[in-house]
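The values are calculated or read from the model by the stated rules, or taken from the named source; none is laboratory data. These numbers were taken from a predicted model, which means no experiment stands behind them. Don't worry about glycine lacking a Cβ; one is built from the backbone with ideal geometry, like all the others, and counts go over all protein chains shown.
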Amino acid sequence: MRLPIPPSGHGVERRGFIRGIPSRQPANPSIHRVKNRRLRLQPVFSVYGYRNPFWRIKRSRSGKEGIRVAATGTKSEGPIKRALRNAGWLLAGKGAGGFFSLFYLALTARSLGAEQFGVFALILSYGQAVTNLAQFQSWQTVVRYGAQHEADAAPEKLRRIIVFATLLDLGAALAGTALSVAGVYLIGGQFGWSRAEQDLAALFCLSLLFGVRGAPTGVLRLFDRFDVAAYAETVLPAMRMAGALVAWASGASIAGYLAAWAVAELVTTVAMWGASIREIRKRFKEPVEGARVRGVTAENEGLWVFAWTTNLNTSLNLIWKQFPVLAVGWAVDAVAAGGFRIATQLVGALNKPTIALARAIYPEFAKLAVVDRAAINKTVLRACLIGALAGALVLVVVVLAGQSVLRLIGGEDYLFVFPVLLILSVAAVFDLSGVAIEPAMVALGRPGTVLWVRGMVSLVYAGALAGAVLLYGSLGAAVATAGASLLMLTLLYAAFRKQGAA
């Protein structure tokens, strides 16, 4: 890349890293001046991505133009170490969120009682499932294409991809809300909802419009601001806990708790957008909202294919998260559905460290795909090993303390969920063992392969889930989930090897 030196008096800042010059600045760095009018530079990704290390093109003290860079002996970190550090920031938010979630889950379950909590869990699962059908993983689009534009020092293209992702979010939110509201009155009776409960579900689905935050999430991850994202994401569980406390103190019914969840979504979205806008203003001279999306597909090869593929991946992924709860509520009753929801949330809370690693490592894969594709294989293997160890730890914790935690959250009424919790923990071991394979394949531009694998497994899972839940209830749903997780791990790894990525 040939980078011209700007005219005197005009400072231009470019955050990045020059190969051969270490990244972190000491308290008193030695300064090197390069007098060339033009200089060949090879950007790579540094220890802290686009945040801490930087080089600046600016006027020197003598009045001559030059590039001032810091020279230290700091060794650049590898992608796993960066991902672990970024995962630490995510976990700081997710860890607090996990604590809050257990608190407000217990408060809601004990306050509403088993029957009403089951209805509450079904409404939550339904709204999230139908909305996710239309949701685009726009944060992946921002990271996937934004990493290349950042490496190429193309701010205009980066601005356009951010606007494009924002429009995807808005369109998906509108479509998902319309689908979910219409579906409430079509299938609500299948879950045993009364007319009043159907009206509550429809109102809650309208509130899901507040959850449009894929694009700002992508911006913060692209710019390596996982610390800021962690603070913003902590708002959601904190607001849910505050809302649950207010609802509990006022003796509210299901409507009060659903309202608390809706307000929490709105406040979190405002916090996330505010944080991302501040980061954007630090890096762009012109506001992003002034950018036009015309020509964005020509600048980003395969953009729509990537966006739709990740959308379908998300839609299939919801089968694993929301459909089991809905299936149990449909085949058994609301109490069983509420218990299954508690079990899935407990396993999810224990999985948060590795989920944080998966989210943190995707930007690293996207950056490696630009400069060093061969290094991805080693990174995937190490990350999957970490995931497998974390999954084994989750299983041990559930075996030793699962019954006590269930008793603490829901009382004796929910101890029947313990066998389900054990089986879902086994499924988590399989899921976490392949935690890095899917992000790596998406970053390498192979989301279609992931979609094909997930589609095949989802078809098998849907059939197995329907049969198992009718025959064995919630326990059958858990067994079907564990079997599908093992099949997904096997096929994803086989596809990764076959495609030559490994």
Worksheet item: Mind checking whether some residue in the range 464-473 is on the phi > 0 side of the Ramachandran plot and in the same structural domain as Gly445 (by TED's automatic domain parsing)?
Response: yes
Worksheet item: Hey, among Tyr231, Tyr257, which residue is of a type in the set (Phe, Trp, Tyr) and in contact with a helix residue (DSSP H, G or I) (Cβ under 6 Å, 6 or more places away or on another chain)?
Response: Tyr257
Worksheet item: Right, Tyr362: in the same structural domain as Ala427 (by TED's automatic domain parsing) and modelled with pLDDT under 85 or not?
Response: yes
Practice prompt. Check Ala495, Ala436 and return the single one that is crowded, with 23+ Cβ neighbours inside 10 Å and at pLDDT below 90.
Written response: Ala436
Practice prompt. Taking the residues in the range 322-358 that are charged (D, E, K, R) and at pLDDT 80 or above as candidates, determine which candidate is farthest from Ala121 (Cα to Cα).
Written response: Asp333
Practice prompt. Would you mind telling me which numbered condition in (1) at pLDDT 95 or above; (2) among the β-branched types (Val, Ile, Thr); (3) within 21 Å of Leu385 (Cβ to Cβ) Val420 fails?
Written response: (3)
Worksheet, complete the sentence: If we keep only residues of the range 103-118 that are in contact with an Asp or Glu (Cβ under 9 Å, 6 or more places away or on another chain) and surrounded by 24 or more Cβ atoms within 10 Å (Cβ to Cβ), then the residue farthest from Val328 (Cα to Cα) is Ala109
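Per-residue answers, yes or no, for (1) buried (at least 20 other Cβ atoms within 10 Å of the Cβ); (2) free of Cβ contacts under 8 Å to residues at least 24 places away in the same chain; (3) out of contact with any strand residue (DSSP E or B) (no Cβ under 8 Å at 6 or more places or on another chain):
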{"site": "Ser194", "(1), (2), (3)": "no, yes, yes"}
{"site": "Leu200", "(1), (2), (3)": "yes, no, yes"}
{"site": "Arg225", "(1), (2), (3)": "yes, no, yes"}
{"site": "Ala242", "(1), (2), (3)": "no, yes, yes"}
{"site": "Val246", "(1), (2), (3)": "no, yes, yes"}
{"site": "Ser253", "(1), (2), (3)": "no, no, yes"}
{"site": "Leu266", "(1), (2), (3)": "no, no, yes"}
Worksheet item: Which of the residues spanning the range 220-253 are within 25 Å of Ala201 (Cβ to Cβ) and of a type in the set (Ser, Thr, Tyr)?
Response: Ser250, Ser253
Discussion item. Looking only at the range 133-153, how many residues end up being buried (at least 22 other Cβ atoms within 10 Å of the Cβ) and in a helix (DSSP H, G or I)?
Written reply: 11
Discussion item. Given the options Ala182, Ala202, name the one that is modelled with pLDDT of 85 or more and within 30 Å of Arg110 (Cα to Cα).
Written reply: Ala202
Fill in: Among the residues listed as Val460, Val429, Val453, Val442, the single one being more than 22 Å from the chain's Cα centre (by Cα) and assigned by TED's automatic domain parsing to the domain that holds Ala336
Val460
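To keep it simple, each residue is scored yes or no on (1) crowded, with 20+ Cβ neighbours inside 10 Å; (2) touching a residue at least 60 places away in the same chain (Cβ under 8 Å); (3) aliphatic (A, V, I, L, M).
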{"residue": "Leu408", "(1), (2), (3)": "no, yes, yes"}
{"residue": "Gly411", "(1), (2), (3)": "no, yes, no"}
{"residue": "Ser425", "(1), (2), (3)": "yes, yes, no"}
{"residue": "Ala428", "(1), (2), (3)": "yes, yes, yes"}
{"residue": "Val457", "(1), (2), (3)": "yes, no, yes"}
{"residue": "Leu470", "(1), (2), (3)": "no, yes, yes"}
{"residue": "Ala484", "(1), (2), (3)": "yes, yes, yes"}
